[in-house]
Amino acid sequence: QVQLVESGGGLVQAGGSLRLSCAASGRTFNSDAVGWFRQAPGKEREPICTISRSGFSTYYADSAKGRFTISRDNAKNTVYLQMNSLKPEDTAVYYCAARSWPVGSYRISDYAYWGQGTQVTVSS
């Protein structure tokens, strides 16, 4: 079992930055690939980016390319999402998820473990 807790969300102006953290507990985190997802009001949950369990492979959705960076520190059992140049359309609840597989996936059903989410609000 892996427990995930997101933090770092908040209110920021357009063009600003936030860094989200996903802290894992329950077992060694370096056996899991991790993905970040987000869900805006009235919309389906969508993938943002993934990182392999080694940290060497990352993938980004078009909405995140060039603005967001995913990274991990397995010694700290934490995955990060650095978000720059934020836009109002980035407003959503952001979730991290873990799967016991070397690499990540954009399919929600591939992830067994989810955090509770952290709210990100970008004002114009």
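Conditions (1) in contact with a Phe, Trp or Tyr (Cβ under 9 Å, 6 or more places away or on another chain); (2) assigned to a strand (DSSP E or B), marked per residue:
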| position | (1), (2) |
| --- | --- |
| F56 | no, no |
| G66 | yes, no |
| S71 | yes, yes |
| Y80 | no, yes |
| A98 | yes, yes |
| W101 | no, no |
| G104 | yes, no |
| Q119 | yes, yes |
Subject >> Residues of region 1-52 that turn out to be open to solvent by 40 Å² or more (accessible area, probe 1.4 Å) and of a type outside the set (G, A, S), as a count >> reply: 15
Original post:
For residues in region 106-122 being more than 12 Å from the chain's Cα centre (by Cα), closer than 15 Å to V34 by Cβ and hydroxyl-bearing (S, T, Y), which is surrounded by the most Cβ atoms within 10 Å (Cβ to Cβ)?
Top reply: Y111
Original post:
Can you find even one residue in region 75-92 that is farther than 18 Å from R19 by Cα and surrounded by 15 or more Cβ atoms within 10 Å (Cβ to Cβ)?
Top reply: no
**OP:** Could you grab me the full set of residues in region 53-71 that are open to solvent by 40 Å² or more (accessible area, probe 1.4 Å) and among the charged types (D, E, K, R)?
**Re:** R53, D62, K65
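The values are calculated or read from the model by the stated rules, or taken from the named source; none is laboratory data. The model shown is predicted, which means the values in this text are computed figures rather than measured ones. Cβ: placed from backbone, ideal geometry, glycine included. Neighbour counts: every protein chain shown. What goes into the accessible areas is simple: the full protein's heavy atoms, side chains included, and nothing from ligands, DNA or RNA. Shrake-Rupley method; radii C 1.70, N 1.55, O 1.52, S 1.80 Å.
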